[in-house]
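Below is one structure, written out as structure tokens, with a few remarks after it.
The values are calculated or read from the model by the stated rules, or taken from the named source; none is laboratory data. Because the structure is a prediction, the values reported are computed rather than measured. Heads up, the Cβs are rebuilt from the backbone with ideal geometry, glycines too, and the neighbour counts pull from every protein chain shown. With ligands, DNA and RNA removed, areas are computed over all heavy atoms of the protein, side chains included. Shrake-Rupley method; radii C 1.70, N 1.55, O 1.52, S 1.80 Å.
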Amino acid sequence: MANSTQTTSKIIKPAVILCRIVVGLTFLFSGFVKGVDPVGVAIKFKEYFVALGIDILTPSSPLGADFVSTFSISAAIGLSMFEFVLGAVILFGLYRKLAPTLAVLTMLFMTPLTLYLAIENPVHDCGCFGEALVLTNWETFYKNLVLTVAAIFLLLYNHKVRDMYLKSIRWIPSLFSIIYVLTISLIAYVYQPLLDFRPYKSGINIREVMAQEDVQPEYIFVYEKDGLRQEFAIDEAPINDESWTFVDRIERMPEGVEEKIELDFGVRDNDVDITDDILSDDNYTFLLLVPSVEGYDNSWDDKILSLYDYAFEHTYNFYALTPDAEELSNRLSEMGISFPCYTMDETVIETIARGNPAIAMLKGGILYWKIAPRELIDMSQYDSDIQGTPLGEIYEHDFLKRTIIILLIYILPLIFLYLCQEAVVLLVERVKAKRLKLKENSNNTNYKPKKIKTMRKNIVAGNWKMNNTLQEGVELAKGVEAALNERTPNCDVIIGTPFIHLATIAATVDTKKLGVSAENCADKVSGAYTGEVSAAMVASTGAEYVILGHSERRAYYGETAEILKEKVLLALANNLKVIFCIGEVLEEREAGKEFEVVKSQIEESLFNLTAEDWSKIILAYEPVWAIGTGKTATAEQAQEMHAFIRKTVAEKYGEEVAEETSILYGGSCKPSNAKELFANKDVDGGLIGGASLDVEQFMGIVDAF
Ligand code: 13P
């Protein structure tokens with residue numbers, strides 16, 4: 001257990017943070033790029049439906065192409081939202097159980113699916129990062145394996161690291177993430193993607209890029225001589241000169257040729273390729289892009305007609321491009337429109353611009369802009385040359401600037417929220433500390449509050465039992481002290497350590513802030529009792545407390561009520577405060593004897609004390625069946641027994657003494673149940689076993705006050 005404490009802080013916590021970053025950012029990125037271009041994702045979906053033979057959702061579905069489009073686009077927006085928000089909550093550590101559970105379930109679905117895609121290759125690019133980052137199916141599978149492992153790790157250990165936002169406000173970053181990604185998706189759907197990851201960016205010179213498609217890379221040979229490296233062209237390589245050693249061969253595009261972009265821009269007029277005619281035309285050329293005649297949205301026909309009329313009047317070109325020119329021609333003429341229609345591959349049309357239809361403009365092979373028809377201005381108001389209109393300019397798409405702005409719109413409000421949260425927390429802590437100080441000051445005066453309960457101390461005490469080497473123990477104690485320094489606890493905090501640690505820890509920590517306790521002491525004053533540690537020895541270390549009567553000592557080391565009576569007396573004689581444990585075993589509770597048992601444990605070992613001595617006794621009710629078992633006494637059971645114990649003390653020493661006695665509860669006390677237990681009027685804190693070995697858990701219990 002000691003090792004587990006160290007492992008938690010040294011390995012698990014950084015690993016949790018790393019996994020949150022890896023899984024969170026991957027999901028965020030994946031959701032973001034899908035949200036930026038939901039139409040692209042919907043197209044990919046259709047590709048999947050066809051490849052996987054899901055007839056009902058293929059474009060030829062009996063439900064109609066409209067249904068498939070609506071379904072695909074809704075699914076695309078839904079998926080991007082799911083991934084983005086899941087990524088956000090994982091990255092920020094919110095919903096620490098639910099989020100990794102959803103991530104694991106998603107990965108358990110996606111990983112086998114991508115394995116199938118990798119083996120069968122029905123679609124070449126899985127589309128998980130939209131057009132932003134194209135991975136091969138195998139790369140996607142390996143990526144998913146890593147994510148699955150990281151998500152499972154988070155499922156197991158995510159609770160070890162704090163959330164970035166408080167539980168009470170975590171809905172704000174979650175809702176903000178939903179609104180953000182939904183807005184991006186809707187803008188992309190209604191207009192064009194806010195960020196264009198596709199090759200046809202406005203400003204691209206299609207003619208030049210296509211001319212470069214045939215350019216082959218040059219091979220450069222690297223040789224080494226006397227530790228010096230030199231590059232050679234293929235025909236200059238010193239193949240026959242043995243003083244040179246071959247090192248590497250590099251592929252490099254000739255100067256002036258940038259990275260290869262495949263455009264596949266091709267237009268046919270029946271069987272005649274008119275691509276060159278269009279690309280080399282220096283006249284303005286409007287393109288009406290119709291990826292599917294069936295799904296053509298004719299709501300914008302008036303605007304498009306006005307553009308056509310404008311082009312006609314100014315002798316600019318106007319081409320409608322579609323996979324089936326004849327079909328489009330017929331469809332348009334049914335609506336009383338007649339445009340010159342030409343054939344272009346559906347995928348190319350969809351890659352140039354999103355929307356059915358979309359409109360683009362070329363001049364001299366350069367793509368000036370591309371827009372959704374709703375963005376088209378009414379061209380009938382212009383009788384001037386296009387240069388005098390907004391349509392005559394190349395639409396500058398500064399990718400980097402845009403990316404930064406879009407990301408900042410998301411990140412800045414989240415940072416602001418975080419800073420507000422931290423400021424409020426700090427303020428609240430300050431106010432609390434001030435109140436506590438006022439309370440302490442008032443306690444120092446003659447004023448005695450009417451309710452005696454306020455006089456007794458709330459205490460959270462750890463009992464490390466036989467765990468931790470000296471070094472681990474010192475580190476744990478330091479960790480607890482550091483955590484205490486970060487807060488103002490509403491209770492006294494004590495750690496009970498094995499003898500071996502006592503002196504070092506008592507000398508290391510500030511015992512005024514963090515009390516130190518032994519877990520036992522001898523029932524003899526001193527002398528030939530090999531292996532024993534006396535109360536005086538404990539006191540000499542600087543420890544202030546000793547735990548006595550723990551059920552484990554009663555059960556495994558034969559400590560009887562008589563022995564404990566001796567130990568208590570010796571401890572008190574050496575000015576130690578005693579945390580005295582009492583509690584019934586399961587059979588006794590089942591037999592309804594718990595009150596009887598507890599009462600006699602108190603009577604037999606403690607009721608010989610004077611009232612003055614009694615003020616140094618802290619009681620700890622630890623039902624033996626709840627210790628280390630994960631079974632906690634219910635809040636009602638604890639309150640019932642604590643009230644009984646207080647009554648028993650009151651009968652012997654009077655009500656005032658009883659009201660001043662702190663009675664702690666022990667047995668599977670955790671951060672999750674401490675608040676409920678401590679809320680009871682007679683439960684004044686806890687004696688904590690397992691959870692005291694982990695700083696975060698122990699503090700979770702301290703914070704319950
Ligand atoms: P657990 O908190 O591990 O159940 O142990 C309780 C205990 O025995 C404290 O003394």
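Structural remarks
- Filter pass, Asp282 being surrounded by fewer than 18 Cβ atoms within 10 Å (Cβ to Cβ) and either free of Cβ contacts under 8 Å to residues at least 40 places away in the same chain or among the hydroxyl-bearing types (Ser, Thr, Tyr) (or both): no
- Any pair with Cβ under 7 angstrom, 6 or more apart, that starts in region 620-646 at a residue that is without any contact (Cβ under 8 Å) to a residue 60 or more places away in the chain and of a type in the set (D, E, K, R) and ends at one that is more than 9 Å from the ligand (Cβ to nearest atom) and part of a loop (DSSP other than H, G, I, E, B): Arg646/Thr661; Arg646/Asp682
- Any hit, region 597-613, residues being part of a strand (DSSP E or B) and open to solvent by 20 Å² or more (accessible area, probe 1.4 Å): no
- Filter result for Gly479 (small (Gly, Ala, Ser) and surrounded by 19 or more Cβ atoms within 10 Å (Cβ to Cβ)): no
- Single condition Lys647 does not satisfy, out of (1) in a loop (DSSP other than H, G, I, E, B); (2) open to solvent by 20 Å² or more (accessible area, probe 1.4 Å); (3) more than 16 Å from the ligand (Cβ to nearest atom): (1)
- The set of residues in region 676-696 being open to solvent by 10 Å² or more (accessible area, probe 1.4 Å) and either in a strand (DSSP E or B) or away from the ligand (no atom under 16 Å from the Cβ) (or both) consists of Ala679, Asn680, Lys681.
- Restricting Leu412, Leu417 to residues that are within 30 Å of Leu175 (Cα to Cα), out of contact with any Ser or Thr (no Cβ under 7 Å at 6 or more places or on another chain), open to solvent by 80 Å² or more (accessible area, probe 1.4 Å) and at pLDDT 85 or above narrows the list to Leu412.
- The one condition from (1) at pLDDT 90 or above; (2) open to solvent by less than 70 Å² (accessible area, probe 1.4 Å); (3) under 30 Å from His159 (Cβ atoms) that Ile21 does not meet is (2).
- Residue within region 560-579 that is within 20 Å of Asp684 (Cα to Cα) and out of contact with any strand residue (DSSP E or B) (no Cβ under 8 Å at 6 or more places or on another chain) present: no
- Note on region 547-567: among residues that are aliphatic (A, V, I, L, M) and away from the ligand (no atom under 13 Å from the Cβ), the one that is most open to solvent (accessible area, probe 1.4 Å) is Ile563.
- Lone qualifier among Lys97, Lys143, Lys46 - being open to solvent by 70 Å² or more (accessible area, probe 1.4 Å) and among the basic types (Lys, Arg): Lys97
- Verdict on Tyr180 being in a loop (DSSP other than H, G, I, E, B), crowded, with 20+ Cβ neighbours inside 10 Å and not charged (D, E, K, R): no
- Residue satisfying condition, being within 16 Å of the ligand (Cβ to nearest atom) and either without any contact (Cβ under 8 Å) to a residue 24 or more places away in the chain or part of a helix (DSSP H, G or I) (or both), within set Val516, Val474, Val480, Val493: Val480
- First in region 398-416 and within 25 Å of Tyr165 (Cβ to Cβ), second anywhere and β-branched (Val, Ile, Thr), Cβ under 8 Å, 6 or more apart: Ile406/Ile184
- Given (1) under 23 Å from Ser540 (Cβ atoms); (2) within 51 Å of the chain's Cα centre (by Cα); (3) away from the ligand (no atom under 16 Å from the Cβ), number of the condition Lys593 does not satisfy: (1)
- Test: residue in region 616-630 that is open to solvent by 40 Å² or more (accessible area, probe 1.4 Å) and more than 12 Å from the ligand (Cβ to nearest atom): yes
- Taking region 652-675 as the range and being in a helix (DSSP H, G or I) and within 15 Å of the ligand (Cβ to nearest atom) as the test, the residues that pass are Pro671, Ser672, Asn673, Ala674.
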